[in-house]
There are 2 protein chains.
Amino acid sequence: MSALKVIKIGGKVIDDNQKMDTFLEAFVSIREPKVLVHGGGSIASGMSERLGIKPNVVAGRRITDTETLEVITMVYGGLVNKKIVAKLQSLGVNAVGLSGADLNIISATKRDPEPVDFGWVGDVDQVNPEWVTTFLNKGITPVLAPLTHNGSGNMLNTNADTIASSVASALSSDFETELMLCFEQTGVMNGEKLITEMNQLLYRHLRDTGVVTDGMIPKIEVGFQALKNGVRKVNIRNFEDVAKPDSGTVFISN
Amino acid sequence: MSALKVIKIGGKVIDDNQKMDTFLEAFVSIREPKVLVHGGGSIASGMSERLGIKPNVVAGRRITDTETLEVITMVYGGLVNKKIVAKLQSLGVNAVGLSGADLNIISATKRDPEPVDFGWVGDVDQVNPEWVTTFLNKGITPVLAPLTHNGSGNMLNTNADTIASSVASALSSDFETELMLCFEQTGVMNGEKLITEMNQLLYRHLRDTGVVTDGMIPKIEVGFQALKNGVRKVNIRNFEDVAKPDSGTVFISN
């Protein structure tokens, strides 16, 4: 099987054109077939604010109401996705920007409104990787927005780490897949110190002692899920190190 | 050669969810391979207004400044495009939403700033129809947003009729292509009366006598251009009549 890298770029990098350029220039230096999954950074919430859409927050998490879904569809599926595709084209990489609705690549179900109704948030049902494989075999780089659809005409907001992990898992029967979750930090940190290797036992310890908190918890769990689902290598690393062989926090399955 | 319909939907239909549903339900009843090209209606200008972006108008035409280009990329490439794709999926049609940057389908050059600088507006250089043909041959319906790219990392705003005409022309070596420009009117009108057939002589007469004015002029010229470039049939018709065999104003090349 040939190698494939599924690379997620997120966090504050998305908000900063110069950092995105740095990332994409490193990204295109990777020779292997690759899939890029992007988040939306804070552009969507900034856009909502400019549009006068009041944030609807329950239990510290933002609800994807109908207006917010429209903003997310615009910002993730349009602005961020097409800017990346145009930039990749200028760097000599033929890319195609896709949401989960396009070619029915990722279908999802709207999350149960109990106990908390998060609105138009989708949990991935199925990844249909055939077209992604076709693109990769023809030298095309798919660029996936964190949007899925429910098959009944609605787009859904889906976490970009989850998209990356699900797609990497689905492609693991055809490729030796590596999942890289890239952001502005060096990896999983304990204060100033990088944790270079992570297994389940260490993760639970770090979580239970409050070293790993908030958004890092689902990110790490998504990483372990990918390993469990056949992805060969998983790591969390800095966006500038995307083309380096070993970097950041490497996941170990045991 | 097999038949292909390149169908453009634009005008006020885009702004009206119910009309779009009516259109898309008729659209999916067409059995032949088909490409859908959409405009942006007034959603982009409404969004600009909500965002406090002042319209920059020269000689009666809106300038695509950098902020406006971002809005257009969001609204056309994200909101309108993905809504259509999700709806088509729900109607059992596997669709893929694309801008001209995706798969480098349409490259363009920023229009010369002299005599009037229209900003980030692109004139089509080249249509690369290979992937569109691949999709069509696999039963996929491409849905094209009116956005191109310049190959240097910038998206460009390109008229949707021009996109439809250029794509129909480029596909005419592989398909017997029909171009349909659909909108909320019945066709080209002389007052209350539908003009059922249009040739160059009649067009020039109608234009010179002020019957055909404003936005209808470039639309008709784009139609004649398509006929000249190998498109077999061209017509301008009402969006509700998209699946009917003969309807609206039919173009005749002489």
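The values are calculated or read from the model by the stated rules, or taken from the named source; none is laboratory data. Everything numeric in this text was worked out from a predicted model, so none of it was measured. Note that we place each Cβ from the backbone using ideal geometry, even for glycine, and neighbour counts take in every protein chain shown. Ligands, DNA and RNA are excluded from the accessible area calculation, which covers all protein heavy atoms including side chains. Shrake-Rupley method; radii C 1.70, N 1.55, O 1.52, S 1.80 Å.
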For the stretch B:22-58, how many residues meet the condition of being open to solvent by 60 Å² or more (accessible area, probe 1.4 Å), of a type in the set (K, R) and under 23 Å from B:E176 (Cα atoms)? 1
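Rundown of residues vs (1) modelled with pLDDT of 95 or more; (2) closer than 22 Å to A:T64 by Cβ, yes/no style:
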| residue | (1), (2) |
| --- | --- |
| A:W131 | yes, no |
| A:F135 | yes, no |
| A:P142 | yes, no |
| A:D161 | yes, yes |
| A:E176 | yes, no |
| A:M180 | yes, no |
| A:L202 | yes, no |
| A:D214 | no, yes |
State the number of residues belonging to the stretch A:69-80 that are farther than 14 Å from A:G39 by Cα, among the aliphatic types (A, V, I, L, M) and facing chain B (nearest Cβ under 8 Å). 0
Can you find even one residue in the stretch A:216-233 that is in a strand (DSSP E or B) and open to solvent by 30 Å² or more (accessible area, probe 1.4 Å)? yes
I need the full set of residues from the stretch B:2-21 which are farther than 16 Å from B:L179 by Cα, open to solvent by 20 Å² or more (accessible area, probe 1.4 Å) and in contact with an Asp or Glu (Cβ under 6 Å, 6 or more places away or on another chain), in order please. B:G11, B:K12
Of the residues that make up the stretch A:178-201, is at least one touching a strand residue (DSSP E or B) at 6+ places or on another chain (Cβ under 9 Å), in a helix (DSSP H, G or I) and in contact (Cβ under 8 Å) with a residue 40 or more places away in the chain? no
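So that you can scan it fast, the table gives a plain yes or no per residue for (1) facing another protein chain (nearest Cβ under 9 Å); (2) part of a helix (DSSP H, G or I); (3) over 30 Å from A:D174 (Cα atoms); (4) in contact (Cβ under 8 Å) with a residue 12 or more places away in the chain:
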{"position": "A:K8", "(1), (2), (3), (4)": "no, no, no, yes"}
{"position": "A:L24", "(1), (2), (3), (4)": "no, yes, no, yes"}
{"position": "A:E67", "(1), (2), (3), (4)": "no, yes, yes, yes"}
{"position": "A:K82", "(1), (2), (3), (4)": "yes, yes, no, yes"}
{"position": "A:V85", "(1), (2), (3), (4)": "yes, yes, no, yes"}
Which one is nearest to the chain's Cα centre (by Cα) among residues in the stretch A:105-120 that are open to solvent by 20 Å² or more (accessible area, probe 1.4 Å) and among the β-branched types (V, I, T)? A:T109
Give the residue, chosen from A:S90, A:S166, that is surrounded by fewer than 23 Cβ atoms within 10 Å (Cβ to Cβ) and closer than 30 Å to A:N17 by Cβ. A:S90
Report, by residue number, each residue of the stretch A:27-65 that is under 20 Å from A:V121 (Cβ atoms), away from every other protein chain (no Cβ under 14 Å), in contact (Cβ under 8 Å) with a residue 40 or more places away in the chain and assigned to a loop (DSSP other than H, G, I, E, B). A:G39, A:N56, A:A59, A:I63, A:D65
